[in-house]
Amino acid sequence: MATNIFVNLPVQDLNASVAFFTQLGFRFNQQFTDENAACMVVSDTIYVMLLVKPFFQNFTDKQLADARTSTEVIVCLSADSREEVDRLADAALAAGARPSKPLQEHECMHARNFQDLDGHLWEVMYMDMSAVPQPEPAAASAE
């Protein structure tokens, strides 16, 4: 059985966050969505739980960080092409996201970054594995 990943993010306005991510092309699992939380489907094994801040606070005794002024995590999503990276990043910016870093362009990687409505950092990245340098084979030891 595959391991599922649930990324939990506190949000100020759940409806605005759902509208934002819907504009990026994500869908939501209604079985795990109510007035306190929305379950965004990233893939068959990856989900982002958008939780209103008071509900999120039930899961930790720590103070919630303000994602607009501090960072605890960057959520990085892979894409199948450079064009898909650009499509998703452009959709995020059109939906109200703010850019967070300049384009990262390398021979083997194309990545763009943005901050969502609550300031959470997202990266969308395409990696051309055929262009990734391969490590040198380890030398055989003489015994």
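Take the conditions (1) under 30 Å from P133 (Cα atoms); (2) of a type in the set (D, E, K, R); (3) at pLDDT below 95; (4) in contact with a strand residue (DSSP E or B) (Cβ under 9 Å, 6 or more places away or on another chain); E107 misses just one of them, which is (4). Of the residues D118, D86, D80, the single one that is of a type outside the set (A, V, I, L, M, F, W, C), within 21 Å of V18 (Cβ to Cβ) and under 16 Å from the mean Cα position of the chain (by Cα) is D118. One residue alone among V7, V18, V85 is surrounded by 14 or more Cβ atoms within 10 Å (Cβ to Cβ) and assigned to a strand (DSSP E or B), and that residue is V7.
Do the conditions hold for C76, that is, is it exposed (fewer than 14 other Cβ atoms within 10 Å of the Cβ) and part of a strand (DSSP E or B)? Outline the logic, then answer.
Details: exposed (fewer than 14 other Cβ atoms within 10 Å of the Cβ): yes; part of a strand (DSSP E or B): yes.
Judged against the criteria, C76 is a match.
So, T60, is that one surrounded by 15 or more Cβ atoms within 10 Å (Cβ to Cβ) and among the hydroxyl-bearing types (S, T, Y) or not?
On the way: surrounded by 15 or more Cβ atoms within 10 Å (Cβ to Cβ): no; among the hydroxyl-bearing types (S, T, Y): yes.
So T60 does not fit the description; no.
Taking G119 as the residue in question, decide whether it is in a loop (DSSP other than H, G, I, E, B), modelled with pLDDT of 85 or more and in contact with a Lys or Arg (Cβ under 8 Å, 6 or more places away or on another chain). Here the answer is yes, as G119 does meet what is asked.
Select, from V132, V73, V48, the only residue that is over 17 Å from S17 (Cβ atoms) and among the aliphatic types (A, V, I, L, M). Give the steps one after another, and end with the answer.
Details: V73 fails: over 17 Å from S17 (Cβ atoms); V48 fails: over 17 Å from S17 (Cβ atoms).
From the options V132, V73, V48, the qualifying one is V132.
Against the conditions (1) more than 27 Å from A131 (Cα to Cα); (2) at pLDDT 95 or above, R87 satisfies every one except (1).
Within the group T33, T71, which residue is modelled with pLDDT of 95 or more, surrounded by 11 or more Cβ atoms within 10 Å (Cβ to Cβ) and either closer than 18 Å to E123 by Cα or β-branched (V, I, T) (or both)? Answer to the check: T33.
The values are calculated or read from the model by the stated rules, or taken from the named source; none is laboratory data. Remember, predicted model here, so these are calculated numbers, not experimental data. Cβ coordinates were reconstructed from backbone atoms using ideal geometry, including for glycine residues, and neighbour counts include every protein chain displayed.
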